[in-house]
Amino acid sequence: MKNLQLSVIIPVYNEEEGLQTLFDRLYPALDKLAVSYEIVFINDGSRDRSAAILRAQFQLRPDVTRVILFNGNFGQHMAIMAGFELSRGQRVVTLDADLQNPPEEIHKLLAKMDEGYDYVGSIRNQRNDSWWRHLASRAMNNLRERITHIKITDQGCMLRAYDRGIIDAINGCREVNTFIPALAYNFARRPAEVVVEHEERAQGVSKYSLYSLIRLNFDLMTGFSVVPLQMFSLVGMVTSAASAFFFVFLVIRRLIIGPEAEGLFTLFALVFFMIGITLFGIGLLGEYIGRIYEQVRHRPRYLVEAVLENRSEEQEAIRQDCGSRIEE
Ligand code: UDP
Ligand code: MG
């Protein structure tokens, strides 16, 4: 068991149309690598036939397939977490089930790891997004990199490879709300990125909208850094200093020129500006408090209904172990 080289972790949520194609491409691609591997599928409470398809696939290739069936929908990252906890490979690769990350590209990541990197992210090649989306995502990345010191060029791409040390560190974290590539990045000694081919989602629909992409970046900033809060107190200081000067100015003006009658709307503008900042600040505080709240509840992060795996080898090992102890 100890010398299993590769674990491939795949979260699955309502992917019935695409799973067969995934199997048809994934298994041959891994067989070609000539390393010992296991594939861990996590069914994240799919409401379609995904679970049944995974069961059938487990029957077909029980030697290299393990399936975790969740009790409900706990989200992509919790699914990957569960996969990490079960995984035994020296290296762990995460992959989406929708074939947007071609399984044939896994070897590129592993080759990069051979060069001594312990975390290899991937950047999708030939994305035909519009130029303004490119620009927006680059600006967002820059800001996030500054705030969190996490350098992930393409957050949308889950095709990533991690060394065992990183996986163990992640397994030691009890974080509820997290973004795995960013968490892993914190533990990496030598991170790297490679460019991989990218395909459009072949079947099914994306589970994420533009809104959730914006959320993701916000989560990344508030989840991995307190700089937004600190920036906020800075803004608070600057605006209160400015308004103090403004007040002094008004007092002097009243003494010299007389009472001010006009300028009512300037005042409105100022007040609304301040209210806006205040509301944003309360919302930002809420982000952090929400995280603390979720964390302190100590709820289980996910519930596992069943794990399908071929335990015969392990049981054999345990039996031998017991046997030798009895002999002693
Ligand atoms: N996924 C999941 N749980 C969810 C949502 C998504 O396990 O609640 C899986 C999904 O099956 C896929 C991967 O996470 O394997 C990425 O999802 P999707 O392709 O919808 O995201 P996108 O590629 O649009 O970012
Ligand atoms: Mg996808």
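The values are calculated or read from the model by the stated rules, or taken from the named source; none is laboratory data. Nothing here was measured: the structure is a model prediction, and the numbers come from that model. Methodologically, a virtual Cβ is constructed for each residue, glycine included, from the backbone with ideal geometry; neighbour enumeration extends over all protein chains shown. Side chains are part of the model used for accessible areas, which takes the heavy atoms of the whole protein and leaves out ligands, DNA and RNA. Shrake-Rupley method; radii C 1.70, N 1.55, O 1.52, S 1.80 Å.
Things worth noting here:
- Total lysine pairs whose alpha carbons fall under 22 Å of each other in the chain (8 or more apart, or interchain): 5
- A full extension of the chain between Arg189 and Phe218 corresponds to an added length of 7.9 nm, given 0.36 nm per residue minus the alpha carbon distance.
- Positive-end residue of Ile289, Val238, Ser212, charge dipole of segment 145-304 with Cβ unit charges: Ile289
- Label-point gap, in nm, between Ala29 and Val296 - each point 7 angstrom along Cα→Cβ: 4.4 nm
- Listed values for segment 212-229 are Karplus-derived 3J(HN,Hα) couplings in whole Hz (6.51 cos²θ - 1.76 cosθ + 1.60, θ = phi - 60°), namely 6, 5, 5, 4, 4, 5, 5, 4, 4, 6, 7, x, 10, 7, 9, 4, x, 5, and x replaces Gly and Pro.
- Cα gyration tensor, segment 87-241 - rounded (a/c under 1.5), prolate or oblate: oblate
- Accessible surface of the chain [probe 1.4 Å, protein heavy atoms]: carbon and sulfur percent: 60 percent
- Cβ-Cβ FRET estimate between Ser233 and Asn125, R0 fixed at 45 Å, reported to 0.05: 0.60
- With an a/c value of 1.5 or above and a/b not larger than b/c for the gyration tensor axes a ≥ b ≥ c computed over the alpha-carbon atoms, segment 31-93 is described as oblate.
- Computed from the C-beta positions of Trp132 and Arg311 and an R0 of 45 Å, the FRET efficiency is 0.30 to the nearest 0.05.
- In the chain, helices alone account for a calculated mean residue ellipticity at 222 nm of -18000 deg cm²/dmol, with every DSSP H run of four or more residues adding -39,500 (n - 2.57).
- Electrostatic dipole magnitude of the chain [Cβ: Lys, Arg +1; Asp, Glu -1; Cα centre; debye, to 20]: 1020 debye
- Segment 26-164 shape via C-alpha gyration tensor axes, a/c threshold 1.5: prolate
- Over the chain, the fraction of Cα-Cα pairs per 20 Å bin, rounded to whole percents and listed from the shortest bin up, is 26, 48, 17, 7, 1, 0.
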